[in-house]
Structure formats: C-alpha cells, structure tokens
C-alpha cells in the first residue's frame, strides 16, 4: 500500500485531501506536514523519502519553496497551485490547480502512481512557462 505525504501550509485543504485518500481511496499511510516549519527540515526530508507520493504546495509563503523541494526529492509528485499564485493550465501531468481542477484529483493520482517521477526536463518546462518558479537570487534565507 502506498504512503502519501501532503506538504502544505493550507491545513484545511490538506485535511480534506487526507480524508478523501483515507475514506474514499483506502490509503492507510498519510502524513500532513507544514512546508514552512524551519525546525522540521530533517523530518520533512525523511518523510518525503519514505513516501510513495508527495503532494506539495508549489509555493510556501510566496516563495517557490515547494517547487524546489519537489524537484530535489525526485519522487512521484503532485504539485498544487492556488489561484493567487500562477495560472497553471491543465496539461502538466503532475500539476493541479485548486480549486478548479479538483474533480480531476482522483484520475491524476492514479496516473501519477502508475508513471515514473517527473524528470528534470519536465521541471525545466514548468520553469520556462512560469519563470517565477525559478525564484530570485535570494538564497540567504528570510529577512525580518
């Protein structure tokens, strides 16, 4: 049985997905982890490495933190975008725009679980389409 890790700062949405996967799809191992917990970096990576599917908010606190994390992990991924971020259109096999594409969630998960993880080329195509995903040159952490 696959395990799913949901990396999200949108707690209500993450919990709704968890309920869906547990009660509708019968998944047992589901973890919800906030992406922006600075103290949980090690835990975030450990859970990510153990899980078969990662559902990750592409942005955390207006930074493409989740996108970078997804790329680093090299696992089966569902990248989630919200309306106030970028207008991701149906097309990328591992992206989901909420709430618009919610009805495609089940099909997308099934397709992702039966496909290999996205490759470097797929991440680069997303970056070309949406340069904001590359992020700025600010690698010094947070200010303030």
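The values are calculated or read from the model by the stated rules, or taken from the named source; none is laboratory data. Quick caveat: nothing in here was measured; it's all calculated off a predicted structure. As a convention, Cβ positions derive from the backbone with ideal geometry for all residues, glycine included, and neighbour counts pool all protein chains shown.
Residues that are part of a helix (DSSP H, G or I) and touching a strand residue (DSSP E or B) at 6+ places or on another chain (Cβ under 9 Å) were ranked within the range 117-128; the one that is surrounded by the fewest Cβ atoms within 10 Å (Cβ to Cβ) is 125.
Residue check: is residue 89 farther than 18 Å from residue 9 by Cβ and at pLDDT 85 or above? Don't jump to the end; show me each part of the working.
On the way: farther than 18 Å from residue 9 by Cβ: yes; at pLDDT 85 or above: no.
Criteria not met by residue 89.
In the range 104-121, the residues that are free of Cβ contacts under 8 Å to residues at least 40 places away in the same chain form no Cβ pair under 6 Å with any partner that is outside any helix (DSSP H, G or I) and exposed (fewer than 13 other Cβ atoms within 10 Å of the Cβ), whether six or more places apart or across chains.
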